[in-house]
Structures are given as structure tokens and as C-alpha cells.
């Protein structure tokens, strides 16, 4: 594996049946949540190269979680697997009581500490939809605490996820964002653009996954999960367009309180601009988006290169 | 406007009503209990359409009809008979249907009859041919009895709660029982021609049935695309278009509008017509460059629809006063 600047090695691990392949199929392979029921178990390691934001390349290693594979990972394949890793994503099935799960996690953490000490670890506490609403917060916190206890004091970030709602998009947006070397440059540019357009907020999405790359909000909003909800809504609509043998290009939604534009932006991104100011002319906003496209093409490319 | 649902046990009458009118997911319907008593579902999402669906228990036998049942059935404009397509042979349920038709036709001669050949999904009905075969089989079995007893010919629909076919069927039967919709259809045809629109639907935003459409045939793909567009508009409006603690019905307001452009050159245009009623047009991108003209014509259409329904209300009221 080349230790190239733009190649990012991402390990996706967890016991079999946790939902690793389902998740990556939804995010990267345009599966609908109900389509994932057709997936069988992953045999050994499935490596997929994913082009992200044009120049960024993610090497996603989906590691089959059956016991005999897991044994190999920590013994004979330890070196090759855990070396040069940028990100480890470990997936727990919240409904599983299997004690070996935490043991495997601990082994992963130890191996990472040894072979890729600079790697970042993300833990997805998955299938949260199977826990009744009133018990969700408590169950999640308990698992999160257990994860921290077994993380050998490494900096680990946890998310509660489900393929049936927007939580999946939040977790993967954050994971992918971590791998963009210069996302600060992007958010600064978006801020300038937002102010110039007199918009309430501007969000940048990656073209095929619709994960949130960057955003700037000039106005506070009560729903802190709105971006990932939009990712989910648009992604589902994109898939429904493909049934009609078409792809969606742009969208405007408005009522008396707001106007939202979602349009193709650079070659690898989409932009969403939301305005609640009725004095802002839609045609003008669309013109501004058109003018900004060329400018942002360079900025997006630059953000994928380390400084 | 009353519409009754009848059929043998476990055919799926209550499931249909729950999926279409109460937003139940089709998978959840496996767990609902059998209907033991007559249940009514009132649908009044917009000021123009009001109807009541009467869900009869599967155990209802027309031979044991009591006065209350008779009263309900005599007020029905239409009876939908649901047949489980996967439960062959069809002889017994079809016999039941003939008996129901005979009995109801005797005291309610204006009542229309529709048959939903339901559960037309799964391995048994993978191709269109297999589905049509079922429909032809059923109409053949009913033919002689219908002719003998001089009963009205029922309409046939192939339906399933797992796709939009049940929504399309219900939209069509509701149009059948609403004569005023013919005028709206004419207006929609005019709108189509003047604005060079390819297809237009007047949607009930809450249950995504269409109240009216133009006279070109309905294709499920365009219908599904429009229904999905409504989902997107409502979901995005619920995030950005509500102030404070308002709910979904205020997310879709008088100025709700949306334009979606597809790379195939098709544009979807949505405009609010009335409370919870949306006009969804499919236009070619080139024909959409005169949006102002389309908007002007839609405003005229909006007024026209209002007038038609108000006239219909007046007519109903005067008929009630006479009776």
C-alpha cells in the first residue's frame, strides 16, 4: 500500500453482523436501507477504493467479523492490517451481549497503538433503532462508558447510529471530515460566500455520498441535526430519481418563511444555500452560486492537500 | 361520501386503510389485529374533499345483514371488494362478492362496485403477465353471474401495499365517485396544453393520493417521482420553514413551492393550491423557461378549482335540504 499523501487507509472492524457492510453500502454504494437485508456476511477483508472530493482517495478495508477471521487479524495479519492506518472505525451492535466483542475491540486498540499510534479511532454504537426510545440515552451512555474504559486512554470518538435515520450520516460526515487535511480553508471561504449572498447558512455536500463536508451558519437554528437530515432526505430522493432513469441536478424549496437552493457546485460537491430573508432575489442567488463555482473548484482541491 | 370495504378475513382491508391514511409502514401491518367491528376512517385533509371509509370485519356475511349494516350500505356511493390474489382458488370469495352485489344493488341501485385484486406482489406475481392473468381469471369467473343477475360491471384493480399501486387504485376510485372532478380534469388538460406541461397531478399532500389528473394515462414511475418530491418538500420545509413549535401542516403553507431539475431534461414543479393540496407538474426544461406564464395560469386554475368545489358543496346542501 503506497504511503501516499492522498491515500487514506480506513479500517472498518467489528463482530460479524454488526452492520459494517450495510453502512458502507448505504453511504458509498447507493443502497437503500431496506436493500441491505440482502447482504451476506463479508468473507475476509473487502478493500474498496473510494474517490472522495475529486482527489482524496479512501482505501476502506471492510474486515469480515466472523471469529476465525478475527483471530487471523490479531495474529498472522497483525502487521499488514494495522500498519499505516489513518482511521479505525469499530462497530458495536448495541443489541449484542457477546463479551468477546469488547475483547476484540481492546485487541484492535492495542494493535493500533503499536502500529499506527497517530491513527484516530471512531466507535459506532450501531442499530440504535432497536432500542426503545425511552431507553436509548441510558443504553448508549452505558456502552460509551464501557468503550472509553477499554480504550487504553486513547482519544476515541463515539457515535450512536442506525441505518434507518440521519444518525448514520452524522457519524460518517464527521469521520470523512477528519480526513480532509485543510477543511478550515473551506469553512472560511464558505463564510465569505454566505455573507456575500446574505444567506442564513451555506452547506457543502460531497457529490455522490451527500456527506457534509463543510458549512457556515450566519443564524442560529434550533435543530442541531438538520444537516445530516438533509443528507438523508436528498440521498433518498437521488435514489428514487434513479428509478426514473434520471439524476437530480438542482432543487429549490420555499414557503413563506424560507427559500433553500440545492445545486451542483464544484465537480465533486453540491451546495445548499438557505435564506429566510424574502428580500433576497432567487435569481440573484443562483447567479452568485454560478459565479462562485469556479472559485471554489480551486479551494476544494486545495483543501484535500496537506499544508 | 361513504365508501365501504368488504372481503373475507385477512385479505388486507384494514391494512390498506392504515398504510394509506394512517402512515403505517407495510411491514407493520403484519401485526395488526383482525377487525371485529365496523370501523370508520374519516379523511378530511383539505377543504375540497371529504370522504369516509367504512371497514367491515371479514366475518361479515351478507346473509346475516342487520338493520345497522343495511343503513350503512344504503348510504355508500361505492363498495370496494378486496380479494386476496395469493389465496387460490377464488371461487368462495367471488361467490361472496356476487351475493353482496346482488343484495346491495337491490336497495342501493346507484352504488358502484370495485374489486381490488390485492396482495399482487411477491413470488407468485413477478411479471406483468402473471398479474394480468389473475385479473382476466377473476373477470371470467364473474362474467356469467353478473350477466344473469343484471348487476353492474365492477372495475378491477391490481393492488399491493408494498408499492404505489394501492395509492393509484384509491386515487382512481375516489375520482370515480366525485363527478365534479371531471371539470377539474378538463381544466388540467387546458393547463397542460397552454403551458406545454407533460403531466400534472393535484395531490393530497398528506396521504399522497391524487384528487385529479389530466386525461393522459398515469404511469406509476411519474406518480412515484411526484410523491417523493412531496416528501422532500415537506421534510425540508419542516426543518427550515417552521417558526417555533408549529407542526407539519404549517410547514406547507400558501407560498409553498418547489422546482426540481433532473438531468434527463425533466423539471418537476410544485405549487400550493389550497390547504394541504399541491399541484405537481412535470415539464420539459425548455418549456419551463416561461415560469411566469405557468404561474399566471396556475393562479387562474386555483380560482377555478375553488369555484367548482364551492358549487358542488351548494348542490349537496340543496339536495340534503330536499331530502
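The values are calculated or read from the model by the stated rules, or taken from the named source; none is laboratory data. Note that the structure is a prediction, hence the values are computed from the model and not measured. Using ideal geometry, Cβ is built from the backbone for each residue, glycine included, and neighbour counts are taken over all protein chains shown.
Structure above, values below:
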read-out: Qualifying residue in the range B:305-317 (condition: over 27 Å from residue A:258 (Cβ atoms), touching a residue at least 40 places away in the same chain (Cβ under 8 Å) and touching a helix residue (DSSP H, G or I) at 6+ places or on another chain (Cβ under 6 Å)); value: yes
read-out: Residue B:178 being touching a residue at least 12 places away in the same chain (Cβ under 8 Å) and either over 30 Å from residue B:113 (Cβ atoms) or within 14 Å of another protein chain (Cβ to nearest Cβ) (or both); value: no
read-out: The range B:144-156, residues that are in a helix (DSSP H, G or I) and either within 26 Å of the chain's Cα centre (by Cα) or surrounded by fewer than 12 Cβ atoms within 10 Å (Cβ to Cβ) (or both); value: B:144, B:146, B:147, B:148
read-out: Exclusive hit being outside the structural domain of residue A:52 (by TED's automatic domain parsing), surrounded by fewer than 17 Cβ atoms within 10 Å (Cβ to Cβ) and closer than 18 Å to residue B:233 by Cβ, set A:256, A:250, A:275; value: A:256
read-out: Wholly enclosed strands (runs of 3 or more DSSP E) of the range A:192-257 bearing at least 3 residues more than 13 Å from every other protein chain (Cβ to nearest Cβ), within 15 Å of the chain's Cα centre (by Cα) and over 30 Å from residue B:274 (Cβ atoms); value: A:201-206, A:212-217
read-out: Residues located in the range A:105-128, provided they are in a helix (DSSP H, G or I) and under 12 Å from residue A:88 (Cβ atoms); value: A:105, A:107, A:108, A:109, A:110, A:111, A:112, A:113, A:115
read-out: Unique residue being closer than 16 Å to residue A:20 by Cα and either at pLDDT below 90 or crowded, with 16+ Cβ neighbours inside 10 Å (or both) when the list is A:135, A:95; value: A:95
read-out: Neighbours by Cβ (under 6 Å, 6+ apart or cross-chain): first from the range A:176-198, in contact (Cβ under 8 Å) with a residue 40 or more places away in the chain; second surrounded by 20 or more Cβ atoms within 10 Å (Cβ to Cβ) and in a loop (DSSP other than H, G, I, E, B); value: A:176/A:211
read-out: Residue in the range A:274-291 that is under 26 Å from residue A:56 (Cβ atoms), within 13 Å of chain B (Cβ to nearest Cβ) and either modelled with pLDDT of 90 or more or assigned to a strand (DSSP E or B) (or both) present; value: no
read-out: Filter result (free of Cβ contacts under 8 Å to residues at least 60 places away in the same chain and surrounded by 15 or more Cβ atoms within 10 Å (Cβ to Cβ)) within the range B:100-123; value: B:101, B:102, B:103, B:104, B:105, B:108, B:111, B:113, B:115, B:117, B:120, B:121
read-out: Which listed residue, of A:204, A:211, A:170, A:190, is at pLDDT 85 or above, touching a strand residue (DSSP E or B) at 6+ places or on another chain (Cβ under 8 Å) and not assigned by TED's automatic domain parsing to the domain that holds residue A:293; value: A:170
read-out: Qualifying residue in the range B:280-290 (condition: in contact (Cβ under 8 Å) with a residue 60 or more places away in the chain, more than 9 Å from chain A (Cβ to nearest Cβ) and under 23 Å from residue A:256 (Cβ atoms)); value: yes
read-out: Residue under evaluation residue A:140, criteria (1) assigned to a loop (DSSP other than H, G, I, E, B); (2) touching a strand residue (DSSP E or B) at 6+ places or on another chain (Cβ under 8 Å), criterion not met; value: (1)
